[in-house]
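Novice: This is the structure, below, for whatever I ask next.
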Amino acid sequence: MNKRLSPFVLTMLVLGFAFLYVPILMMVIYSFNASRLVTVWDSVHSPTLKWYAELFENSDILDAARLSFRIAAVNATGATILGTLAAFCLVRFGKFRGRALFIALTTAPMVLPEVITGLSMLLLFVALEQVIGWPAGRGALTITIAHMTFCMAYVTVVVQARLSTFDRSLEEAALDLGARPMKVFFLITLPIIAPSVVSGWLLAFILSWDDLVITSFVSGPGSTTLPQLIFSKVRLGVSPDINALATLLVLTVTLVVVGVGLSLQRRERRLSLEAQAAGEPL
(Lines give C-alpha, C1' and ligand atoms only; values in the text may rest on other atoms or scores of the structure.)
Protein backbone atom coordinates (compact mmCIF):
# COMPACT_ATOMS: atom_id res chain seq x y z
CA MET A 1 0.00 0.00 0.00
CA ASN A 2 1.39 3.39 -1.02
CA LYS A 3 1.74 5.84 1.84
CA ARG A 4 1.50 9.51 0.96
CA LEU A 5 3.45 12.11 2.84
CA SER A 6 1.44 14.28 5.15
CA PRO A 7 1.14 17.99 4.24
CA PHE A 8 3.28 18.92 7.25
CA VAL A 9 6.13 16.56 6.30
CA LEU A 10 5.96 17.63 2.66
CA THR A 11 6.06 21.30 3.65
CA MET A 12 9.05 20.74 5.93
CA LEU A 13 10.88 18.91 3.13
CA VAL A 14 10.22 21.71 0.67
CA LEU A 15 11.34 24.37 3.17
CA GLY A 16 14.44 22.36 4.06
CA PHE A 17 15.53 21.89 0.46
CA ALA A 18 14.71 25.53 -0.32
CA PHE A 19 16.86 26.65 2.62
CA LEU A 20 19.76 24.60 1.27
CA TYR A 21 19.56 25.16 -2.46
CA VAL A 22 17.86 28.52 -3.10
CA PRO A 23 20.97 30.47 -1.93
CA ILE A 24 23.12 28.35 -4.27
CA LEU A 25 20.70 29.03 -7.13
CA MET A 26 20.78 32.77 -6.40
CA MET A 27 24.57 32.70 -6.39
CA VAL A 28 24.56 31.02 -9.81
CA ILE A 29 22.13 33.61 -11.17
CA TYR A 30 24.13 36.54 -9.81
CA SER A 31 27.30 35.19 -11.38
CA PHE A 32 25.82 36.49 -14.66
CA ASN A 33 25.08 39.91 -13.17
CA ALA A 34 26.77 42.79 -14.98
CA SER A 35 26.90 44.98 -11.87
CA ARG A 36 29.90 44.95 -9.56
CA LEU A 37 27.48 45.05 -6.64
CA VAL A 38 26.66 41.39 -6.06
CA THR A 39 23.34 42.21 -4.37
CA VAL A 40 22.06 44.60 -7.07
CA TRP A 41 20.88 43.15 -10.36
CA ASP A 42 21.76 45.20 -13.44
CA SER A 43 18.70 44.73 -15.61
CA VAL A 44 20.18 46.77 -18.46
CA HIS A 45 23.40 44.90 -19.22
CA SER A 46 22.72 41.49 -17.64
CA PRO A 47 23.26 38.66 -18.27
CA THR A 48 26.97 38.70 -18.97
CA LEU A 49 29.95 36.36 -18.93
CA LYS A 50 32.56 39.00 -18.19
CA TRP A 51 33.13 37.77 -14.63
CA TYR A 52 33.98 34.33 -15.95
CA ALA A 53 36.45 35.93 -18.35
CA GLU A 54 38.02 37.90 -15.50
CA LEU A 55 38.15 34.75 -13.41
CA PHE A 56 40.23 32.88 -15.98
CA GLU A 57 42.56 35.87 -16.26
CA ASN A 58 43.15 35.97 -12.48
CA SER A 59 46.44 34.14 -11.97
CA ASP A 60 46.10 34.13 -8.16
CA ILE A 61 42.82 32.20 -8.26
CA LEU A 62 44.06 29.78 -10.93
CA ASP A 63 47.29 29.06 -9.03
CA ALA A 64 45.36 28.51 -5.79
CA ALA A 65 42.92 26.19 -7.58
CA ARG A 66 45.74 24.12 -9.09
CA LEU A 67 47.47 23.85 -5.71
CA SER A 68 44.23 22.81 -4.00
CA PHE A 69 43.59 20.19 -6.67
CA ARG A 70 47.08 18.68 -6.35
CA ILE A 71 46.88 18.59 -2.56
CA ALA A 72 43.39 17.10 -2.59
CA ALA A 73 44.30 14.42 -5.15
CA VAL A 74 47.47 13.31 -3.35
CA ASN A 75 45.73 13.44 0.02
CA ALA A 76 42.74 11.44 -1.21
CA THR A 77 44.99 8.74 -2.68
CA GLY A 78 47.14 8.44 0.44
CA ALA A 79 44.16 8.60 2.81
CA THR A 80 42.35 5.92 0.79
CA ILE A 81 45.32 3.55 0.97
CA LEU A 82 45.86 4.08 4.70
CA GLY A 83 42.15 4.02 5.49
CA THR A 84 41.60 0.80 3.55
CA LEU A 85 44.48 -0.88 5.37
CA ALA A 86 43.12 0.29 8.72
CA ALA A 87 39.67 -1.04 7.83
CA PHE A 88 41.16 -4.43 6.93
CA CYS A 89 42.95 -4.55 10.28
CA LEU A 90 39.76 -3.81 12.18
CA VAL A 91 37.58 -6.27 10.27
CA ARG A 92 39.90 -9.16 9.39
CA PHE A 93 42.18 -9.46 12.42
CA GLY A 94 39.47 -9.81 15.04
CA LYS A 95 40.40 -8.98 18.62
CA PHE A 96 44.05 -8.14 19.12
CA ARG A 97 45.99 -6.41 21.83
CA GLY A 98 45.57 -2.65 21.51
CA ARG A 99 42.47 -2.88 19.29
CA ALA A 100 40.50 -0.38 21.39
CA LEU A 101 43.39 2.08 21.30
CA PHE A 102 43.78 1.57 17.54
CA ILE A 103 40.07 2.28 17.00
CA ALA A 104 40.27 5.40 19.15
CA LEU A 105 43.34 6.71 17.32
CA THR A 106 41.77 5.96 13.94
CA THR A 107 38.47 7.71 14.58
CA ALA A 108 39.72 10.53 16.83
CA PRO A 109 40.34 13.00 13.94
CA MET A 110 36.62 12.79 13.08
CA VAL A 111 35.50 14.14 16.47
CA LEU A 112 38.39 16.41 17.40
CA PRO A 113 37.86 20.11 16.63
CA GLU A 114 39.83 21.15 13.57
CA VAL A 115 41.49 23.90 15.58
CA ILE A 116 43.03 21.27 17.89
CA THR A 117 44.13 19.12 14.94
CA GLY A 118 45.66 22.07 13.12
CA LEU A 119 47.49 23.36 16.18
CA SER A 120 48.85 19.91 17.07
CA MET A 121 50.09 19.36 13.51
CA LEU A 122 51.76 22.77 13.52
CA LEU A 123 53.58 22.00 16.77
CA LEU A 124 54.63 18.61 15.38
CA PHE A 125 56.07 20.10 12.19
CA VAL A 126 57.92 22.81 14.11
CA ALA A 127 59.40 20.22 16.49
CA LEU A 128 60.46 17.94 13.63
CA GLU A 129 62.10 20.83 11.80
CA GLN A 130 64.09 21.73 14.90
CA VAL A 131 65.18 18.14 15.57
CA ILE A 132 65.81 16.62 12.13
CA GLY A 133 65.43 19.60 9.81
CA TRP A 134 62.35 18.21 8.09
CA PRO A 135 60.02 19.54 6.87
CA ALA A 136 61.82 22.71 5.85
CA GLY A 137 59.07 25.20 6.51
CA ARG A 138 55.38 24.89 5.88
CA GLY A 139 53.91 24.38 2.45
CA ALA A 140 52.04 21.96 0.21
CA LEU A 141 53.74 18.94 1.81
CA THR A 142 52.71 19.81 5.35
CA ILE A 143 49.17 20.60 4.19
CA THR A 144 48.91 17.21 2.49
CA ILE A 145 50.19 15.31 5.54
CA ALA A 146 47.83 17.21 7.84
CA HIS A 147 44.86 16.50 5.59
CA MET A 148 45.67 12.78 5.54
CA THR A 149 45.51 12.63 9.32
CA PHE A 150 41.80 13.35 9.40
CA CYS A 151 40.67 12.19 5.94
CA MET A 152 41.84 8.61 6.50
CA ALA A 153 39.41 8.34 9.43
CA TYR A 154 36.46 8.90 7.11
CA VAL A 155 37.81 6.42 4.56
CA THR A 156 38.27 3.83 7.31
CA VAL A 157 34.64 4.12 8.39
CA VAL A 158 33.32 3.85 4.83
CA VAL A 159 35.45 0.85 3.83
CA GLN A 160 34.96 -0.88 7.18
CA ALA A 161 31.18 -0.75 6.74
CA ARG A 162 31.52 -2.56 3.40
CA LEU A 163 34.03 -5.12 4.64
CA SER A 164 31.84 -6.03 7.60
CA THR A 165 29.19 -7.38 5.18
CA PHE A 166 31.68 -8.98 2.80
CA ASP A 167 31.09 -12.66 1.92
CA ARG A 168 34.47 -14.24 2.64
CA SER A 169 33.43 -17.54 1.06
CA LEU A 170 34.34 -16.03 -2.32
CA GLU A 171 37.91 -15.48 -1.18
CA GLU A 172 38.08 -18.93 0.41
CA ALA A 173 36.89 -20.55 -2.81
CA ALA A 174 39.57 -18.75 -4.81
CA LEU A 175 42.25 -19.78 -2.30
CA ASP A 176 41.07 -23.40 -2.48
CA LEU A 177 41.46 -23.26 -6.26
CA GLY A 178 45.11 -22.27 -5.90
CA ALA A 179 45.04 -18.49 -6.19
CA ARG A 180 47.58 -16.56 -4.15
CA PRO A 181 46.32 -14.13 -1.48
CA MET A 182 47.54 -11.08 -3.40
CA LYS A 183 45.78 -12.24 -6.57
CA VAL A 184 42.61 -12.92 -4.60
CA PHE A 185 42.73 -9.40 -3.21
CA PHE A 186 43.12 -7.68 -6.57
CA LEU A 187 40.75 -9.92 -8.57
CA ILE A 188 38.00 -10.60 -6.02
CA THR A 189 38.15 -8.47 -2.88
CA LEU A 190 39.08 -5.12 -4.39
CA PRO A 191 36.49 -5.18 -7.22
CA ILE A 192 33.72 -6.00 -4.73
CA ILE A 193 34.64 -3.24 -2.28
CA ALA A 194 35.53 -0.81 -5.09
CA PRO A 195 32.37 1.33 -4.64
CA SER A 196 33.24 1.99 -1.01
CA VAL A 197 36.87 2.70 -1.88
CA VAL A 198 35.82 5.17 -4.59
CA SER A 199 33.34 6.77 -2.19
CA GLY A 200 36.08 7.12 0.41
CA TRP A 201 38.42 8.68 -2.16
CA LEU A 202 35.81 11.21 -3.25
CA LEU A 203 34.96 12.05 0.36
CA ALA A 204 38.64 12.57 1.22
CA PHE A 205 39.09 14.72 -1.90
CA ILE A 206 36.15 16.98 -1.03
CA LEU A 207 37.18 17.29 2.63
CA SER A 208 40.70 18.27 1.61
CA TRP A 209 39.55 20.66 -1.12
CA ASP A 210 37.15 22.38 1.29
CA ASP A 211 39.34 22.55 4.40
CA LEU A 212 40.27 25.98 5.72
CA VAL A 213 40.97 25.72 9.46
CA ILE A 214 43.68 23.03 9.46
CA THR A 215 45.21 24.46 6.29
CA SER A 216 45.55 27.88 7.93
CA PHE A 217 47.76 26.37 10.65
CA VAL A 218 50.10 24.28 8.48
CA SER A 219 50.42 26.43 5.35
CA GLY A 220 53.16 28.93 4.67
CA PRO A 221 54.10 31.65 2.21
CA GLY A 222 53.47 30.62 -1.39
CA SER A 223 51.06 27.81 -0.44
CA THR A 224 47.72 29.58 -0.41
CA THR A 225 44.90 27.19 -1.21
CA LEU A 226 41.63 28.11 -2.87
CA PRO A 227 39.53 28.19 0.36
CA GLN A 228 42.12 30.48 1.95
CA LEU A 229 42.05 32.80 -1.05
CA ILE A 230 38.25 32.91 -1.13
CA PHE A 231 38.10 33.56 2.61
CA SER A 232 40.56 36.45 2.33
CA LYS A 233 38.54 37.96 -0.54
CA VAL A 234 35.20 37.59 1.25
CA ARG A 235 36.54 39.40 4.31
CA LEU A 236 37.08 42.46 2.10
CA GLY A 237 33.71 42.11 0.38
CA VAL A 238 32.34 39.58 -2.08
CA SER A 239 33.39 40.29 -5.66
CA PRO A 240 31.43 39.05 -8.70
CA ASP A 241 34.24 36.77 -9.86
CA ILE A 242 33.83 34.77 -6.61
CA ASN A 243 30.25 34.02 -7.67
CA ALA A 244 31.58 32.79 -11.01
CA LEU A 245 34.20 30.64 -9.29
CA ALA A 246 31.63 29.15 -6.90
CA THR A 247 29.30 28.42 -9.83
CA LEU A 248 32.04 26.51 -11.64
CA LEU A 249 32.79 24.53 -8.48
CA VAL A 250 29.12 23.63 -8.04
CA LEU A 251 28.93 22.54 -11.68
CA THR A 252 32.09 20.44 -11.37
CA VAL A 253 30.92 18.71 -8.20
CA THR A 254 27.50 18.03 -9.74
CA LEU A 255 29.01 16.48 -12.86
CA VAL A 256 31.39 14.31 -10.82
CA VAL A 257 28.65 13.09 -8.46
CA VAL A 258 26.26 12.33 -11.32
CA GLY A 259 29.00 10.58 -13.30
CA VAL A 260 30.07 8.40 -10.37
CA GLY A 261 26.45 7.61 -9.54
CA LEU A 262 25.68 6.51 -13.10
CA SER A 263 28.87 4.45 -13.21
CA LEU A 264 27.99 2.65 -9.98
CA GLN A 265 24.45 2.01 -11.24
CA ARG A 266 25.78 0.46 -14.44
CA ARG A 267 28.16 -1.66 -12.41
CA GLU A 268 25.39 -2.92 -10.13
CA ARG A 269 23.18 -3.65 -13.14
CA ARG A 270 25.98 -5.58 -14.82
CA LEU A 271 26.64 -7.63 -11.69
CA SER A 272 22.93 -8.35 -11.36
CA LEU A 273 22.75 -9.59 -14.96
CA GLU A 274 25.83 -11.77 -14.43
CA ALA A 275 24.28 -13.25 -11.29
CA GLN A 276 21.06 -14.01 -13.19
CA ALA A 277 23.03 -15.64 -16.01
CA ALA A 278 24.90 -17.80 -13.51
CA GLY A 279 21.64 -18.85 -11.85
CA GLU A 280 22.51 -17.24 -8.52
CA PRO A 281 19.86 -15.67 -6.29
CA LEU A 282 19.83 -11.88 -6.32
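The values are calculated or read from the model by the stated rules, or taken from the named source; none is laboratory data. Quantities reported herein were computed from a predicted structural model and do not represent experimental measurements. Glycine also receives a Cβ, built like all others from the backbone with ideal geometry; neighbour counts cover every protein chain displayed.
Novice: Of all residues being hydrophobic (A, V, I, L, M, F, W, C) and in contact with a Pro (Cβ under 9 Å, 6 or more places away or on another chain) in segment 1-37, which is surrounded by the fewest Cβ atoms within 10 Å (Cβ to Cβ)? Just the residue, please.
Specialist: For segment 1-37, the residue satisfying everything is LEU37.
Novice: Given the criteria at pLDDT below 90, among the small types (Gly, Ala, Ser) and in a helix (DSSP H, G or I), does ALA174 qualify?
Specialist: Against the criterion (at pLDDT below 90, among the small types (Gly, Ala, Ser) and in a helix (DSSP H, G or I)), ALA174 qualifies.
Novice: Moving on. So which residues in segment 216-274 are polar (S, T, N, Q), more than 19 Å from the chain's Cα centre (by Cα), crowded, with 17+ Cβ neighbours inside 10 Å and assigned to a helix (DSSP H, G or I), if there are any at all?
Specialist: The answer is ASN243, and nothing else.
Novice: Under the condition of being hydroxyl-bearing (Ser, Thr, Tyr) and not in a loop (DSSP other than H, G, I, E, B), which residue from segment 38-64 is surrounded by the fewest Cβ atoms within 10 Å (Cβ to Cβ)?
Specialist: If we take residues in segment 38-64 being hydroxyl-bearing (Ser, Thr, Tyr) and not in a loop (DSSP other than H, G, I, E, B), then SER59 is surrounded by the fewest Cβ atoms within 10 Å (Cβ to Cβ).
Novice: Condition check: modelled with pLDDT of 90 or more and closer than 28 Å to THR247 by Cβ. Does PHE88 satisfy that?
Specialist: In short, no.
Novice: Of everything in segment 197-232, what is touching a Leu at 6+ places or on another chain (Cβ under 8 Å) and small (Gly, Ala, Ser)? Give them in sequence order.
Specialist: The answer is SER223, and nothing else.
Novice: Which pairs have Cβ atoms under 9 Å, sit 6 or more apart or on different chains, and link a residue in segment 136-157 that is under 19 Å from VAL198 (Cα atoms) and touching a residue at least 12 places away in the same chain (Cβ under 8 Å) to one that is among the aromatic types (Phe, Trp, Tyr) and part of a helix (DSSP H, G or I)?
Specialist: From residues that are under 19 Å from VAL198 (Cα atoms) and touching a residue at least 12 places away in the same chain (Cβ under 8 Å), the pairs are CYS151/PHE205; VAL155/TRP201.
Novice: So, one more: Taking THR165 as the residue in question, decide whether it is of a type in the set (Ser, Thr, Tyr) and surrounded by 13 or more Cβ atoms within 10 Å (Cβ to Cβ).
Specialist: No; evaluated as a whole, the condition is false for this residue.
Novice: Sort out which residues of segment 177-215 are free of Cβ contacts under 8 Å to residues at least 60 places away in the same chain and not in a helix (DSSP H, G or I), and write them in order of number.
Specialist: Correct list: LEU177, GLY178, ALA179, ARG180, LEU212.
Novice: Assuming VAL197 fulfils every condition listed in (1) surrounded by 13 or more Cβ atoms within 10 Å (Cβ to Cβ); (2) at pLDDT below 90 apart from one, which condition is it?
Specialist: (2)
Novice: Now for a different question. Cβ-Cβ below 7 Å, separation at least six or inter-chain, first residue in segment 247-265 and on the phi < 0 side of the Ramachandran plot and of a type outside the set (Asp, Glu), second surrounded by 10 or more Cβ atoms within 10 Å (Cβ to Cβ) and part of a helix (DSSP H, G or I): which pairs?
Specialist: Filtered contacts from segment 247-265: THR247/MET27; THR247/VAL28; VAL250/ILE24; VAL250/VAL28; VAL260/VAL198; VAL260/LEU202; LEU264/PRO195.
Novice: Another one. Which one of ALA86, ALA79, ALA72, ALA100 is part of a helix (DSSP H, G or I) and in contact with a Phe, Trp or Tyr (Cβ under 7 Å, 6 or more places away or on another chain)?
Specialist: ALA72
Novice: Still on this model: Looking at segment 133-140, can you tell me whether even one residue there is charged (D, E, K, R) and assigned to a helix (DSSP H, G or I)?
Specialist: no
Novice: Kindly indicate whether PHE88 is closer than 20 Å to ILE193 by Cα and among the aromatic types (Phe, Trp, Tyr).
Specialist: Yes; evaluated as a whole, the condition is true for this residue.
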